[in-house]
Every structure is written in C-alpha cells, then in structure tokens.
1. Give me Rg over Rh for the stretch 78-139, both radii from the alpha carbons and Rh done the Kirkwood way, two decimal places.
2. Compute the signed sum of charges (Lys and Arg +1, Asp and Glu -1) over the other residues within less than 14 Å, Cβ to Cβ, of ALA230.
3. What are the extents of the Cα atoms of the stretch 72-210 along their three principal axes, in Å, largest first?
4. Assuming 0.36 nm per residue, please report the length gained on full extension of the stretch SER100 to LEU206 beyond their Cα-Cα distance.
5. Determine, from the Cβ-Cβ distance of GLU61 and LYS165 and an R0 of 22 Å, the FRET efficiency 1/(1 + (r/R0)^6), rounded to the nearest 0.05.
6. If the chain between GLU157 and ASP85 were fully stretched, how many nm would it gain, using 0.36 nm times the residue separation less the Cα-Cα distance?
7. For a 32 Å ceiling on Cα separation, which of these pairs sit above it: LYS54/LYS127; LYS72/LYS228; LYS54/LYS228?
Amino acid sequence: MKAAGVGRKGVTVQMDARSSRERLQKRPLFVKKNGSELVRFLTEGSTQRSAARKYGQRYLEVLSAAARAFAKRGYQAATTKDIADEIGLQQGSLYHYIRSKEAALEQICDVAIDGYVSFSGRVRRSKPHPSEKLRTIIELHLSTLDERPDFFKVFQENRKELGDKARHKIGRQIRVYERNIEAIFRQGIRDGEFRNDVDATHATLLLLAACNSVSIWWQVRSSATVPKIAADISDVLLNGLLA
C-alpha cells in the first residue's frame, strides 16, 4: 500500500506505509516533558509526524501494559494475552505494536536505560557543582520508581531474561550510565569538592546500589515520598553520618 508524502523541497514522493511504520518502531527518540520521559516517534516527512506521535503514544501505552503484566504475574508466567487484556486490545491487534513478549521486554528495558543515559548525560554536561549534579542524578533515577514503577521493577528484575544480544546491548548502555555518574565524581575530586582519596568507581556503584534497593523496601518499610528518600540518600552519600 502506497501513501503520498511531501519531501523537503516540496517534491511529492511515494512512501510505503508498512515500511514507514517499521521505521517508527526502530527509531525511538526520548524527550523531556512534564517531568517524565516520553517516547516520540518521528518520520522524515512532516505530514507523517502527527500520525507518528499518535502511534508512538499508543505504543508506549502498550509497553506500559506489558510492564504491568510482567510486574503482576512475573515475566515467565505472563502471556501476550495478559498484555492485551491489560490495555483492552484484541490479541491480534497487539502484534501491530509488539511481536512477542520477548520483544516487549527488550523495548521496556530500552526505554528505561535510554532514559537514564539521556538524563545523566545532560546532568554531566550541566553547570552546577558536582554535589548538586549527584543530587539531581539520584532524584531523577528514583523518579522512575514514582512515575513508572512497573518499568522500574521489570528493568531491575527481568532484564536477565533477555537474549544474549539484547542483554549485551542493555549492558553497554548501563556502562554509559555508570561512566556519566563516575565522571561527576571525578570532577568533584579534581575540583576539591570531594575528598581526593574517594574511589570514583566504588562511589558510583554505591550510589546505584542505594537507589536500586529502594524498590525493595519502599512502601514496605517506609512510607516516605520518593523525593524525600532521594534527598536522604543524597545527604548520607554526600555529607556522611559523623556529626
């Protein structure tokens, strides 16, 4: 099926609708909006952008439904029918957005880690002092637990279920996230804001371990808000415990 589009110079071109949709599925772009990381799908032709945004919004809703199904039932037990039921779709219509539950898990993990890499890169390049950058990193890391708890849970607990290729891809992105945080620690050491005997790698892993553990005990051992927990972790990490 062919669909007409307008090129950059106003020349009418023919665009295959199916191949256009496939490109949308392969080209996620993460943008900051209203404090949440959203997925926006774009095509080259401006006439396609409205449909792309609509498709992208629905695609994210499907991924959110998959994350809920995995979080509720466990990844191994959940089925594509469970995902379809979560969002009120016929199972056949679900395949318009995801091919399988394996593909859904991979894309959920992509959404999660790409968001982390995106905001950590921005924070790393920003102007505040390193201590303020680390406070921002902790706050943004934990905001996912507040805004998309199912994504957070599935990413933490189920990414080991990915195939080798997808798991290695996610692993490389995790290393980028860690390097961005480690660079902030190193900047603080160079600037004299942090002690010069701090091991930046160990400090990075400590920060991430503290943040990732919150999903285990939040609302079980503590009813504090996520911003309060983020502030407490920042205070202990940056100021220590000694009076």
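Bear in mind that the values in this text are calculations on the coordinates, not laboratory data. Everything numeric here is computed off the predicted structure, so don't read it as measured data. Note: ideal-geometry Cβ built from the backbone for every residue, glycine included; neighbour counts use all protein chains shown.
1. Reported Rg/Rh, Kirkwood definition of Rh: 1.27.
2. With Lys, Arg at +1 and Asp, Glu at -1, the neighbours total -3.
3. 59, 28, 22
4. 34.6 nm
5. Working from the Cβ atoms, E equals 0.25.
6. Fully extending the segment from GLU157 to ASP85 adds 23.7 nm.
7. LYS54/LYS127; LYS54/LYS228
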